[in-house]
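Inspection log for the structure reproduced underneath, given as structure tokens.
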Amino acid sequence: MAIYIINLGYAFDGFGEQLGDFRFVSTLMTGLDEPGVEGNRFRDSWLGHLHLPLPKQYILGLDAQKKDLEDFGHKSYLLGEWRDEGWWYYYLYGLLVKVPCGTWYLCTLVIVLRALRRDRPIP
């Protein structure tokens, strides 16, 4: 269902294209050492013949974001501190401060109630 909704949002543009037909720019997908140079590491392999169930621009967008992260020349900021590299707990901290308190309360309530009902079987 999720794949269908993603394709619907892109009007099924490029749905089912072969992986080997894409022109990627990230070093991960090109297999080259320099980000930004177009290529495709899958073109001459059996993976290049696979038809992707996602829209072309969706895949290229993920590749462009990966390239931006590979070639990220800016400092990162968190809790009043600038760094050249990131923090391992960045997304955990973001989750903690961005999720509404009511959601945390409900999750905690569910865990506590489940722990108290441990002796009873779940229907």
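Coordinate-derived values only; no laboratory data. Treat the numbers as computed from the prediction; the structure is a model and nothing was measured. Quick reminder, even Gly has a Cβ in these numbers, built from the backbone with ideal geometry, and neighbours come from all protein chains shown.
Observations on the structure shown:
- In the chain, excluding the sites themselves, the longest stretch lacking any of the trypsin sites (Lys or Arg not before Pro) that are in a DSSP loop with at most 12 other Cβ atoms within 10 Å is 24-74.
- For the chain, calculated [θ]222 nm from helices alone, where every DSSP H run of n ≥ 4 adds -39500 (n - 2.57): -12500 deg cm²/dmol
- If R0 is 41 Å, the Cβ-Cβ spacing of residue 11 and residue 99 corresponds to a FRET efficiency of close to 0.80.
- Three-way shape label, the chain, alpha-carbon gyration tensor, a/c 1.5: oblate
- On Cα atoms only, tilt of 101-116 relative to the major axis of the chain in degrees: 60
- The stretch between residue 2 and residue 57, if pulled fully straight at 0.36 nm per residue, gains 18.2 nm over its current Cα-Cα span.
- The orientation-averaged projected area of the convex hull spanned by the Cα atoms of segment 76-123 comes to 5.1 nm².
- Put a dot 7 Å past the Cα of residue 113, heading toward its Cβ, do the same for residue 83, and the two dots end up 3.8 nm apart.
- Charge-dipole axis of the chain as Lys and Arg at +1 and Asp and Glu at -1 on Cβ define it, positive-most pick from 29, 101, 12: 101
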